[in-house]
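Values in this text are rule-based calculations from the coordinates and carry no lab data. Predicted model, so just to flag it, every value in this text is computed and none were measured. For neighbour counting, all protein chains shown are included, and Cβ atoms are generated from backbone atoms with ideal geometry for every residue, glycine included.
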């Protein structure tokens, strides 16, 4: 049996018509933004997860979990990550905006 593959963009176009999907999708934005920022900071520091872990006084598995976006680290942990990658932690509050999925469409 041959399967028909549907391009991701085509699926996304259909899904974003559902308001429930848009709410859930936008809810993930912060989770992935933090993970992306951690990965970018480590990459800019030209460090491996193991090197960051050593500088933080923890294990590579902890750094991997932080970068996965599946955990919500404390401010203290983020400060340690920043120090390990020679960066500065900056937290800001921004005005709410139109849901991301609606903007893309």
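Tabulated data
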{"quantity": "Surface/4 estimate of mean projected area, convex hull on alpha-carbon atoms of segment 15-89, nm²", "calculated": "5.4 nm²"}
{"quantity": "Förster radius 30 Å - calculated FRET efficiency between residue 3 and residue 87, Cβ distance, rounded to 0.05", "calculated": "0.10"}
{"quantity": "On Cα atoms only, tilt of 75-84 relative to the major axis of the chain in degrees", "calculated": "70 degrees"}
